[in-house]
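One structure is given here, and the rest of the page talks about it.
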Amino acid sequence: MGTKCWNDSFMARYSAFNPYRLIQRECGFPRPVGSDDAVARSLYCGMKPIASWDCDQYNALPTGGVFNLEFSPEGSLLVAACEKKSIQIFDPLTHQRIYSVNGAHLDCVNCVKFLDGRMFATCSDDTTIALWDVRHLKKKIRSLLGHSNWVKNIEFSVKDKLLVTSGLDGSIYTWDINSYTEFNLVYQRVFHASGLMRCRLSPDAKQMVMCTTGGLLVIIHDLNLSMLAQDLHGFKPNLYRLMQMSRQLIPIAAMYDHLFDVKRTENRVEFVSDFPDGNDAEVVSALQIHPQGWSALSRNISHDDRSEWSCIHDIQPHAPTSDKSVRDSSPPPPPPPPATRRPVPRRTPRRRTRPYRSPRPMASVTPVPTGDRSRERREREEERVTEREAEPEAGPSSGEAAQPPRLGLGLSSIQNDVWEASITIKQHRVLQEMYSSRTLPSTSGQTPSSGRERDSVSEGEDETRHYRIHQNKDRLLYHVEETNEGKGFIKELCYSADGRLVCSPFGRGMRLLALNDSCSELSHCVQDQNCPAQMVEVGQSLGIHQDLVVSSKFSPRHHLLVTGCLDGKIVWYEPHSGEALY
């Protein structure tokens, strides 16, 4: 069923608009295999714009760009997050605006997320999250403070009853919305990653998927939010990815290789980094999860903004295998040879006058002398203690609560990671050269090291030797190249409620993309697929908007689609049978 195995006459006979299908249904005849694909294809291929709304049409206050669209779980409400600090609420069936909240935030509103049928949350560039009740929109329920930069994404874990937010400060916070106290909500920072763009949860909240500005998808399988901060403490995805790409062992990154073990029962980490040929993904800006949690839909920007691509990656966990690590075809660098008993130079330790982490340009970085390994280890332990002290602990969210420090004016976090990794790589190469030599030249004023020092060097080698550089599996299923209009804006894609279709903003309109010509489900397509395939365009509406389309959303209950653009216009699409489809 993965290919086009039904002819056009069969698809037309069992389309949603053919009376023959209704007669067969009324008579109680069983549906033949492939009839569901025919119904879906006829509905989605016939989607046409039927209504629109904009502020000029109704003499309303300007809303600016529509950055996000979200339906309530029953599909009875549609909420639009707008650029000019407002949220607009619509009846999706009558296409009429029923309420407007101007000044909902102090800056543009980025995302809307329904927690249930009556409560929803919004986040903004003013670094806050707001809780709202649709029955009383004159005043927000709560304002949640904790992020130090723009908040771009909101998720809700139905399993843990926790609100999960992420922002451009690289932090992911969880908020216990049931912990109403005099100090507001209890929150906790559970993870931090440099260059974080989006964070999504699967429908059952058993997986978390993150995308970064480094062209990387990070999957956390068997998610346990209560233990996530402890399990991933100190883990830096960018640093581990650098070790993978350079194939040079970085001990401070390799010490987290246990997070990739397929036998882990909670919070197992997996990287996804395979993209189609010609797509050197640099920034993964948009991310969505399949309604059944089967795959992740992302949109990325290639290096130097040369092109944009939409990709579908498999995110389902694989069965455990006997091999602890998954490797590429090329082998990793060999471990250093065993140490021989030889004198090790001893130097008088010097007092450190400034922190080891002080930002410096990469051009001025020099390798640490090999004789100062003990001092380096002490500095690294002090650095870890400093990081633990700097992290915010779980506590109430209120206006007076201490917020995490904002990003400094020096090097960014990702530059600090690369700077730290470059030092480690240089140190490792110096050690390899030292271990490869049989003897060391004698130097006046130096005494042979004691047996305890030689044993410590040998133990350090053993600790480094057992690390393995885990490589990434190929997860890419489908892809398609997009138009490269509107550089710098995030274009939010979306899945249909049944997961058969993808709506992709395309310039001043949108495209409907399917996995094959029959609009089959993902489970019926991948069984016949041996390599990544290209998505098929089954419909389009171009030039409907007056400006760039940046948001789209399918209704969870009806065959209804809405899109929003930068000038504030919202367009509704529904299936239309007034023209021949086959």
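The values are calculated or read from the model by the stated rules, or taken from the named source; none is laboratory data. Here the structure is a predicted model, which is why all the values come from computation and not from measurement. Note: ideal-geometry Cβ built from the backbone for every residue, glycine included; neighbour counts use all protein chains shown. These area figures cover heavy atoms from the full protein model, side chains too; ligands, DNA and RNA do not enter into them. Shrake-Rupley method; radii C 1.70, N 1.55, O 1.52, S 1.80 Å.
Among the residues of segment 196-224, the one identified as of a type in the set (Val, Ile, Thr) and open to solvent by 10 Å² or more (accessible area, probe 1.4 Å) is 213.
Residues in segment 308-319 include at least one that is modelled with pLDDT under 95, more than 30 Å from residue 557 (Cα to Cα), surrounded by fewer than 14 Cβ atoms within 10 Å (Cβ to Cβ) and among the hydrophobic types (A, V, I, L, M, F, W, C).
Conditions (1) outside any strand (DSSP E or B); (2) in contact (Cβ under 8 Å) with a residue 60 or more places away in the chain, marked per residue:
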| site | (1), (2) |
| --- | --- |
| 155 | no, no |
| 164 | no, yes |
| 174 | no, no |
| 188 | no, yes |
| 203 | yes, yes |
| 209 | no, yes |
| 214 | yes, yes |
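Only residues that are under 27 Å from residue 117 (Cβ atoms), of a type in the set (Asp, Glu) and open to solvent by less than 30 Å² (accessible area, probe 1.4 Å) were counted across segment 22-78, and they come to 1.
For residue 227, are the conditions met, namely being without any contact (Cβ under 8 Å) to a residue 60 or more places away in the chain and assigned to a helix (DSSP H, G or I)? When the stated conditions are applied, residue 227 passes them.
Could you look through segment 249-268, keep only residues that are among the β-branched types (Val, Ile, Thr) and not in a helix (DSSP H, G or I), and pick out the one that is least open to solvent (accessible area, probe 1.4 Å)? Don't jump to the end; show me each part of the working.
Just the residues of segment 249-268 that are among the β-branched types (Val, Ile, Thr), to begin with: 250, 252, 262, 265.
Now drop any that are not not in a helix (DSSP H, G or I), which leaves 250, 262, 265.
Working: 250: 0, 262: 28, 265: 112 Å².
Among them, the one singled out is 250.
Take the residues of segment 526-565 that are more than 29 Å from residue 62 (Cβ to Cβ) and aliphatic (A, V, I, L, M): which is surrounded by the fewest Cβ atoms within 10 Å (Cβ to Cβ)? Taking the candidates together, the pick is 536.
The number of residues in segment 484-498 that are surrounded by fewer than 19 Cβ atoms within 10 Å (Cβ to Cβ) and either closer than 26 Å to residue 218 by Cβ or modelled with pLDDT under 90 (or both) comes to 6. For segment 230-238, check the following and say yes or no: at least one residue is in contact (Cβ under 8 Å) with a residue 60 or more places away in the chain, open to solvent by 20 Å² or more (accessible area, probe 1.4 Å), assigned to a loop (DSSP other than H, G, I, E, B) and of a type in the set (Gly, Ala, Ser). Yes, there is a match, as at least one residue in segment 230-238 is in contact (Cβ under 8 Å) with a residue 60 or more places away in the chain, open to solvent by 20 Å² or more (accessible area, probe 1.4 Å), assigned to a loop (DSSP other than H, G, I, E, B) and of a type in the set (Gly, Ala, Ser).
Residues are listed down the side, and each one gets a yes or a no for (1) within 19 Å of residue 475 (Cα to Cα); (2) assigned to a strand (DSSP E or B):
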residue	(1), (2)
497	no, no
504	no, yes
523	yes, no
550	no, yes
563	no, yes
568	no, no
574	no, yes
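Give the residues of segment 87-136 that are of a type in the set (Gly, Ala, Ser) and out of contact with any strand residue (DSSP E or B) (no Cβ under 6 Å at 6 or more places or on another chain), sorted by residue number. Let's see the steps before the verdict.
Residues of segment 87-136 of a type in the set (Gly, Ala, Ser): 100, 103-104, 117, 121, 124, 130.
Once the filter is applied, which keeps residues that are of a type in the set (Gly, Ala, Ser) and out of contact with any strand residue (DSSP E or B) (no Cβ under 6 Å at 6 or more places or on another chain), segment 87-136 yields 103, 117.
Checking residue 98 against (1) under 24 Å from residue 559 (Cα atoms); (2) not in a strand (DSSP E or B), which single condition isn't satisfied? Of everything listed in (1) under 24 Å from residue 559 (Cα atoms); (2) not in a strand (DSSP E or B), residue 98 misses just condition (2).
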